[in-house]
Amino acid sequence: MRIEVSPTLSIDEDEIQLTFVRAEGPGGQNVNKVSTAAQLRFDVLHSPSLPQRVRERLITIAGNRLTKDGILVITARRFRTQTQNRQDVIDQLIDLLRRAEIRPKVHVKTTPTLGSKLRRREDKRQRGEKKRLRSIKISADE
């Protein structure tokens, strides 16, 4: 079965590994007995489903969730049940992949116009003149 990320991107469920671990937080007595937190592992470097540009962007977005081996580890422990945490961790993966699929806008550096340069110089000249006038000493004989 495939997980649909967007119309152009989907990943195979066989590419992700889901395990359940014990979670801290709410749950009463069950918190020490039942493994409800979901942990998802996805091999970013060796996934055949990811285009190269998405893979590179995902590596930069993932941050410390990515291991040295290129495996993305996402943990969900918000809910008290395995099914809710399983869905939550898959939703987090889909959200991360959607963000990685978006191309960042290219920043085009602009240069100041001639008019703005002239206005800046004139303002500087006026400020300098104002400061120079402050320091003029009036002689005693005047």
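Of the residues I11, I59, which single one is closer than 23 Å to R103 by Cα and part of a strand (DSSP E or B)?
Values: I59 fails: part of a strand (DSSP E or B).
Being closer than 23 Å to R103 by Cα and part of a strand (DSSP E or B) holds for just one of I11, I59, which is I11.
What pairs can you find where one residue is in the range 9-23 and of a type in the set (V, I, T), the other is part of a strand (DSSP E or B) and surrounded by 13 or more Cβ atoms within 10 Å (Cβ to Cβ), and their Cβ atoms are less than 7 Å apart, with a gap of 6+ or different chains?
Close Cβ pairs (under 7 Å, with a partner that is part of a strand (DSSP E or B) and surrounded by 13 or more Cβ atoms within 10 Å (Cβ to Cβ)) amount to I11/I3; I11/V5; I16/L40; I16/R41; I16/F42; T19/Q39; V21/A37; V21/Q39.
Being within 14 Å of L93 (Cβ to Cβ), at pLDDT 70 or above and not in a helix (DSSP H, G or I): is that true of S35 here? Before the answer, list the steps.
Numbers: within 14 Å of L93 (Cβ to Cβ): no; at pLDDT 70 or above: yes; not in a helix (DSSP H, G or I): yes.
It is false that S35 is within 14 Å of L93 (Cβ to Cβ), at pLDDT 70 or above and not in a helix (DSSP H, G or I).
From the list L118, L40, L72, which residue is within 17 Å of the chain's Cα centre (by Cα) and outside any loop (DSSP other than H, G, I, E, B)? Steps first, please.
Working: L118 fails: within 17 Å of the chain's Cα centre (by Cα); L40 fails: within 17 Å of the chain's Cα centre (by Cα).
Exactly one residue qualifies, and that residue is L72.
Is there a residue in the range 104-114 that is of a type in the set (A, V, I, L, M), closer than 30 Å to T19 by Cβ and under 18 Å from the mean Cα position of the chain (by Cα)?
Step one: filter the range 104-114 for residues of a type in the set (A, V, I, L, M), giving 106, 108, 114.
If we keep only those that are closer than 30 Å to T19 by Cβ as well, we get none.
Checked against the condition, which is being of a type in the set (A, V, I, L, M), closer than 30 Å to T19 by Cβ and under 18 Å from the mean Cα position of the chain (by Cα), the range 104-114 yields no hits at all.
Which one of these does R53 not meet: (1) surrounded by fewer than 16 Cβ atoms within 10 Å (Cβ to Cβ); (2) modelled with pLDDT under 80?
Failed condition: (2).
Can you confirm whether the range 66-75 contains a residue that is under 27 Å from T8 (Cβ atoms), surrounded by 15 or more Cβ atoms within 10 Å (Cβ to Cβ) and free of Cβ contacts under 8 Å to residues at least 24 places away in the same chain?
Yes: one or more hits.
Please go through (1) of a type outside the set (G, A, S); (2) farther than 16 Å from E15 by Cβ; (3) in contact with a helix residue (DSSP H, G or I) (Cβ under 8 Å, 6 or more places away or on another chain) for T60 and return the number of the only condition it doesn't satisfy.
Of everything listed in (1) of a type outside the set (G, A, S); (2) farther than 16 Å from E15 by Cβ; (3) in contact with a helix residue (DSSP H, G or I) (Cβ under 8 Å, 6 or more places away or on another chain), T60 misses just condition (3).
Which one is surrounded by the most Cβ atoms within 10 Å (Cβ to Cβ) among residues in the range 76-103 that are out of contact with any helix residue (DSSP H, G or I) (no Cβ under 7 Å at 6 or more places or on another chain) and not in a helix (DSSP H, G or I)?
Among those residues, the one meeting the criterion is R80.
Take the residues in the range 1-32 that are of a type in the set (A, V, I, L, M, F, W, C) and within 17 Å of F79 (Cβ to Cβ), then tell me which one is modelled with the lowest pLDDT.
Let us first name the residues in the range 1-32 that are of a type in the set (A, V, I, L, M, F, W, C), namely 1, 3, 5, 9, 11, 16, 18, 20-21, 23, 31.
In the following step, the residues that additionally are within 17 Å of F79 (Cβ to Cβ) were identified as 18, 20-21, 23, 31.
Details: L18: 80, F20: 82, V21: 77, A23: 70, V31: 64.
Going through the qualifying residues, I end up with V31.
The values are calculated or read from the model by the stated rules, or taken from the named source; none is laboratory data. The structure presented is a predicted model; accordingly, all values stated were derived computationally and were not measured. Neighbour counts are summed over all protein chains in view; Cβ atoms, including those assigned to glycine, are modelled from backbone coordinates with ideal geometry.
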